[in-house]
Amino acid sequence: MLEKGIIIFAYSRAELLSDCIKSVLSARGSEYWKKILIYQKGISEVEKIVDKNSNQFDILIKINKQFENSLSNINYNRVFGTSLCFDILKLQYVLGIEEDSSISYDALGFIDEIYKRYSSRRAFRGINLGSHQPFVKEKLNTYSLLRFGLHGQGGVLTRKTWNKISSNKLLLDISKEGWDSKIEYHLKSGFMVTPNLSRIIDRGWNGTHAPTDPMAPYFERMRKSWVGNFYASPNYFKNINEKHLWRKDAIIYKKWQSLFYYMRLNSILHYIYRKSLKKLDFIRAFTSNGK
């Protein structure tokens with residue numbers, strides 16, 4: 001029985017979906033993964049691509065439009081598909097990919113090796129595949145442990161993580177913000193393993209949240225980090241932490257900081273913590289004025 005899955009979420013961009021599927025099928029070891037495709041009904045070009053590749057997937061699900069705005073539909077599809085993988089299929093870890101992203105040849109080997117190394121670690125939350133670190137061949141087999149949320153373009157959640165966020169009802173109201181934002185605090189209470197060179201390439205300009213310019217820094221940095229068809233042997237992946245350029249809050253994981261992040265998960269403790277900081281700042285300001 002397959003314990004790991006890849007789920008592709010498709011909406012409206014047929015050409016990019018075709019590239020995404022090709023990258024998954026050609027990735028080393030993809031035959032050992034359960035493959036699921038969820039696509040939203042209504043775009044004939046997308047349905048043609050789905051029909052053409054239907055025999056490559058274990059499960060195909062067509063979803064009718066549920067809401068009037070795109071964000072709500074995207075959130076619904078992501079939560080529905082992820083729940084299917086963990087709650088129904090009982091998979092142990094799942095890679096979710098948006099239609100406008102492609103994965104590298106060695107991405108699945110990287111995921112397998114990282115899961116094997118860290119699945120027993122209490123602070124392990126999942127795996128992100130994106131990076132904005134400049135390509136240097138010596139970094140090909142290196143990765144960092146970062147406090148960060150999930151890369152929606154290409155990221156892995158574990159069953160343990162899913163059970164935690166779903167049991168806490170974090171995903172009940174997802175009409176106003178991205179579903180990945182709702183789970184960010186929990187993911188930051190531990191670490192996401194992230195390659196120092198990108199195992200995904202995102203071409204989703206003109207998407208719901210992405211910049212509209214294909215030459216925007218976000219896309220340019222990812223292109224310059226992209227591994228592509230390079231292959232790094234899983235046995236030689238090394239943890240070499242780097243401060244990543246993805247976002248300012250993508251920080252290197254340090255265990256001693258975990259208490260603060262756990263307090264953020266609890267609104268009452270977080271409130272007390274913030275009040276204590278303000279009180280401490282007041283005392284410092286008062287004493288520094290010589291009073």
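Checking each residue in region 72-90 for being under 18 Å from K164 (Cβ atoms), among the polar types (S, T, N, Q) and surrounded by fewer than 18 Cβ atoms within 10 Å (Cβ to Cβ) picks out only S83.
Given the criterion closer than 12 Å to I97 by Cβ and among the hydrophobic types (A, V, I, L, M, F, W, C), identify the matching residue among I6, I49. Don't jump to the end; show me each part of the working.
Numbers: I49 fails: closer than 12 Å to I97 by Cβ.
So the residue among I6, I49 that is closer than 12 Å to I97 by Cβ and among the hydrophobic types (A, V, I, L, M, F, W, C) is I6.
Do you know which residues across region 235-252 are more than 20 Å from the chain's Cα centre (by Cα) and either farther than 11 Å from S144 by Cβ or without any contact (Cβ under 8 Å) to a residue 12 or more places away in the chain (or both)? Correct list: N235, Y236. Looking only at residues in region 11-43 that are over 15 Å from F57 (Cα atoms) and among the hydrophobic types (A, V, I, L, M, F, W, C), the one that is modelled with the lowest pLDDT is I43.
Check region 76-90 and report whether any residue there is touching a Phe, Trp or Tyr at 6+ places or on another chain (Cβ under 9 Å), among the β-branched types (V, I, T) and part of a helix (DSSP H, G or I). Break it down into steps so the answer makes sense when it comes.
Quick first cut of region 76-90, residues touching a Phe, Trp or Tyr at 6+ places or on another chain (Cβ under 9 Å) only: 76-79, 81-83, 85-87.
Retained after the next criterion (residues that are among the β-branched types (V, I, T)): 79, 82.
The next check asks that each one be part of a helix (DSSP H, G or I); those that pass are 79, 82.
Within region 76-90 (the criterion being touching a Phe, Trp or Tyr at 6+ places or on another chain (Cβ under 9 Å), among the β-branched types (V, I, T) and part of a helix (DSSP H, G or I)), the answer is yes, since at least one residue qualifies.
Can you name the residue in region 209-250 that is among the polar types (S, T, N, Q) and surrounded by fewer than 14 Cβ atoms within 10 Å (Cβ to Cβ) and is also modelled with the lowest pLDDT among such residues? Across region 209-250, the extreme among qualifying residues is T212. Scanning region 48-71 for residues that are over 21 Å from L95 (Cα atoms) and either surrounded by 16 or more Cβ atoms within 10 Å (Cβ to Cβ) or modelled with pLDDT under 90 (or both) yields N64, K65, Q66, F67, E68, N69, S70.
Going through region 65-98 one residue at a time, which ones are β-branched (V, I, T) and either in contact with a Lys or Arg (Cβ under 6 Å, 6 or more places away or on another chain) or over 23 Å from D19 (Cβ atoms) (or both)?
First, pick out the residues of region 65-98 that are β-branched (V, I, T): 74, 79, 82, 88, 94, 97.
Residues satisfying the conditions are V79, I88.
Does region 25-32 include one or more residues that are of a type in the set (D, E, K, R), surrounded by fewer than 22 Cβ atoms within 10 Å (Cβ to Cβ), in a loop (DSSP other than H, G, I, E, B) and touching a Phe, Trp or Tyr at 6+ places or on another chain (Cβ under 9 Å)?
Initial filter on region 25-32 (of a type in the set (D, E, K, R)): 28, 31.
Restricting the remaining residues to those that are surrounded by fewer than 22 Cβ atoms within 10 Å (Cβ to Cβ) gives 28, 31.
Filter once more, so that each one left must be in a loop (DSSP other than H, G, I, E, B): 28.
Restricting the remaining residues to those that are touching a Phe, Trp or Tyr at 6+ places or on another chain (Cβ under 9 Å) gives 28.
Yes, some residue in region 25-32 is of a type in the set (D, E, K, R), surrounded by fewer than 22 Cβ atoms within 10 Å (Cβ to Cβ), in a loop (DSSP other than H, G, I, E, B) and touching a Phe, Trp or Tyr at 6+ places or on another chain (Cβ under 9 Å).
Criterion applied to E113, E68 was being assigned to a helix (DSSP H, G or I) and more than 14 Å from the chain's Cα centre (by Cα), and the one residue passing it is E113. Evaluate the following for I88: is it in contact with a helix residue (DSSP H, G or I) (Cβ under 7 Å, 6 or more places away or on another chain) and closer than 25 Å to G178 by Cα? Answer is no for this residue. The single condition from (1) touching a His at 6+ places or on another chain (Cβ under 7 Å); (2) outside any strand (DSSP E or B) that S144 fails is (2).
Quick check on region 154-170. Is at least one of its residues modelled with pLDDT under 95, small (G, A, S) and in a loop (DSSP other than H, G, I, E, B)? So far as region 154-170 goes, no, none of its residues is modelled with pLDDT under 95, small (G, A, S) and in a loop (DSSP other than H, G, I, E, B).
The values are calculated or read from the model by the stated rules, or taken from the named source; none is laboratory data. What you see is a predicted model; the values in this text were computed from it and never measured. Positions of Cβ are generated from backbone atoms using ideal geometry, with glycine treated the same way; all protein chains shown enter the neighbour counts.
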